[in-house]
Amino acid sequence: MRTELFIGGDWMPGSGSDQIEVTNPATEAVIAQIADGTPDDALAACDAAAAAQLGWAATPPRERAELLRGAWRHLIDHTDELATLIVTEHGKPMADARGEVAYAAEFFRWNAEETVRLRGEIGIAPSGANRFIVHHPPVGVVAMITPWNFPAAMITRKLAPALGAGNAVVIKPPREAPLTALRVADLLDEVGFPPGAINVVPTSTSGAWFDVVADHRAVRMVSFTGSTEVGRLLLKKSADRVLKTVMELGGNAPFIVCADADLNAAVEGAIVAKMRHSAETCTAANRFYVDAAVADEFTERLAIAMGEIKVGSGLDPDTGCGPMISAQAVTEIDGLVKGALEDGASLALGGSPLDRPGFFYPPTVLADVAHGSAITTAEIFGPVAPVIPFTDIDDMIAQANDTEMGLTGYVYTDDLAVGLALSERIQAGMIGLNRGAVSDPATPFGGMKQSGLGREGSTEGIYEFCETQYIATNW
Ligand code: NAD
């Protein structure tokens, strides 16, 4: 297992002596010690990226694309190993981890195809005085900061389009789950990306890391995935050098069930939207608005289905929900549940942390939750489903939009016209209409409001890592 820093194509111990301990959240055991990057190491990584970037940008698009395609194949060929690493440091069930590897790798295949199709424009000025040519060079050196909930995919969703467009990158993976990032870098090195195009420097001092990286002359862009709170800090700091930013931030998704919905499908979709990856996703259904006519039945069925999910180590093939990332996460989730009960909700399932080693919280369903209770305003990031009955569609939509977040929403109804109309009224970047999963490398992933700026994936994703230049000329 790689435990050093990856800078300029070499593995190195780093300039400091500190180590970061990585814990298995299912057992609370320390599974690795890795080098703790210092600000000097971050600077060295920026220098290495700066040295590599122009040469990489000048590499023909087809050659860049072939390397991306090779990366897809190589990651897929290492699915078992990568998935096991993800389960060990994050805790999610093995099936979800394997799904994450497929999703992570697919960003390389998709962007291999986009790399050779970056398009510009040619036109005539309206006055007729001249022609213009518009094209899209790479931004330069990109700093990437990623969260722990998808240790592989949150990196590749940025890295693949950034490399495809001709940028060099410096990555800070999450302190909680950095091992997958290091192994992915190792595999990409085997594929043959040039030294310095990809640099990975984990650190326990993220603020100091970002301060030096954002101030480095070659760094022109920050691509961040994480909480809105940290995103705001990075935006403020990025303003000092007017860095380009893409921000993939927190969510608080409403999941709407109309009276005419197929309740079997709605419960199935609810389980997908709530429970995938141990319920620690930014797209997770956070508030279930259910027509009062079917709220009791939906709640009962959801409680039965969530009650059947086995909680345990992600390595056990029967596990449907692994541990949370930390003891603190369990405490925060439990606080939200207790707060909702104090506000008048009733418990349909679960409701207390499990008394065993590891950071486990059981699938929990809360009935008759009051809109405005803290559990409806916070991002739960755990296996808790609060059900809020509604009687008036307009009031419900106002409540669904009563949040500064706007990442994802879900609608279940048998009437497509109603479903589309409701989807359009939800202030969120992504909607699942009779579907519990929305993520796909071919689609633009991202949020409205304080859930983010910019998009990842789709054709839009690669252009985020490009500048726009036009040349006015005559011939
Ligand atoms: P976080 O914001 O705490 O941390 C994200 C990353 O930022 C980590 O690498 C962390 O070390 C780093 N960081 C923290 N403080 C920093 C600072 N001052 N300067 C520089 N870097 C700093 O988020 P998390 O707990 O790792 O992840 C969960 C959050 O991520 C949730 O809010 C979730 O919704 C969000 N998320 C969003 C998306 C999306 O695509 N919109 C995807 C996954 C997760």
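The values are calculated or read from the model by the stated rules, or taken from the named source; none is laboratory data. Note that the structure is predicted; figures quoted are calculated from it, not measured. Neighbour counts are summed over all protein chains in view; Cβ atoms, including those assigned to glycine, are modelled from backbone coordinates with ideal geometry. Heavy atoms of the whole protein, side chains included, go into the accessibility calculation; ligands, DNA and RNA do not. Shrake-Rupley method; radii C 1.70, N 1.55, O 1.52, S 1.80 Å.
Just the residues that are more than 10 Å from the ligand (Cβ to nearest atom) and open to solvent by 20 Å² or more (accessible area, probe 1.4 Å), please, taken from segment 135-157. Within segment 135-157, HIS135, HIS136, PRO137, PRO138 meet the criteria. Looking only at segment 311-332, residues that are away from the ligand (no atom under 16 Å from the Cβ), surrounded by fewer than 15 Cβ atoms within 10 Å (Cβ to Cβ) and not charged (D, E, K, R) come to 1 in all. Elements of the type helices (runs of 4 or more DSSP H) sitting completely within segment 1-119 and holding at least 1 residues that are under 30 Å from HIS135 (Cβ atoms) and at pLDDT 95 or above: these cover 39-58, 61-77, 94-115. As a summary of the residue check, THR225 satisfies the conditions (1) surrounded by 24 or more Cβ atoms within 10 Å (Cβ to Cβ); (2) farther than 27 Å from GLY16 by Cα except for the one numbered (2). Residues of segment 246-274 that are assigned to a helix (DSSP H, G or I) and open to solvent by 10 Å² or more (accessible area, probe 1.4 Å): LEU263, ASN264, ALA265, VAL267, GLU268, ILE271, VAL272. The lone criterion from (1) surrounded by fewer than 24 Cβ atoms within 10 Å (Cβ to Cβ); (2) within 18 Å of the chain's Cα centre (by Cα); (3) more than 12 Å from the ligand (Cβ to nearest atom); (4) not aromatic (Phe, Trp, Tyr) left unmet by VAL184 is number (1). Within segment 169-181, being out of contact with any Phe, Trp or Tyr (no Cβ under 6 Å at 6 or more places or on another chain) and open to solvent by less than 10 Å² (accessible area, probe 1.4 Å) holds for VAL169, VAL170, ILE171, PRO173, PRO178, LEU179, THR180, ALA181. Among the residues making up segment 281-310, those that are in a helix (DSSP H, G or I) and open to solvent by less than 30 Å² (accessible area, probe 1.4 Å) are VAL294, ALA295, PHE298, THR299, LEU302, ALA303, ALA305, MET306. Inspect all residues belonging to segment 356-365 and state whether any of them is surrounded by 23 or more Cβ atoms within 10 Å (Cβ to Cβ), closer than 22 Å to LYS449 by Cα and away from the ligand (no atom under 16 Å from the Cβ). There is no residue in segment 356-365 that is surrounded by 23 or more Cβ atoms within 10 Å (Cβ to Cβ), closer than 22 Å to LYS449 by Cα and away from the ligand (no atom under 16 Å from the Cβ).
For first residues located in segment 457-475 and of a type in the set (Asp, Glu), partners that are surrounded by 12 or more Cβ atoms within 10 Å (Cβ to Cβ) and in a strand (DSSP E or B) and lie 6+ apart or on another chain with Cβ distances below 8 Å form the pairs GLU464/SER223; GLU464/VAL246; GLU464/GLU456; GLU467/PRO138. Residues in segment 398-408 include none that are surrounded by fewer than 22 Cβ atoms within 10 Å (Cβ to Cβ), within 28 Å of ASP96 (Cα to Cα) and within 16 Å of the ligand (Cβ to nearest atom).
In this structure, is GLY128 away from the ligand (no atom under 16 Å from the Cβ), without any contact (Cβ under 8 Å) to a residue 12 or more places away in the chain and open to solvent by less than 50 Å² (accessible area, probe 1.4 Å)? No. Taking segment 221-254 as the search range and keeping residues that are under 30 Å from ALA398 (Cα atoms) and of a type in the set (D, E, K, R), which one is nearest to the ligand (Cβ to nearest atom)? Within segment 221-254, the match that is nearest to the ligand (Cβ to nearest atom) is GLU248. Of everything in segment 236-245, what is open to solvent by 50 Å² or more (accessible area, probe 1.4 Å) and either in contact with a His (Cβ under 8 Å, 6 or more places away or on another chain) or part of a helix (DSSP H, G or I) (or both)? Give them in sequence order. Listed by number, the residues that qualify are LYS236, ALA239. Of the residues examined, GLN427 is one that is in contact with a Ser or Thr (Cβ under 9 Å, 6 or more places away or on another chain), modelled with pLDDT of 95 or more and either outside any helix (DSSP H, G or I) or of a type in the set (Asp, Glu) (or both).
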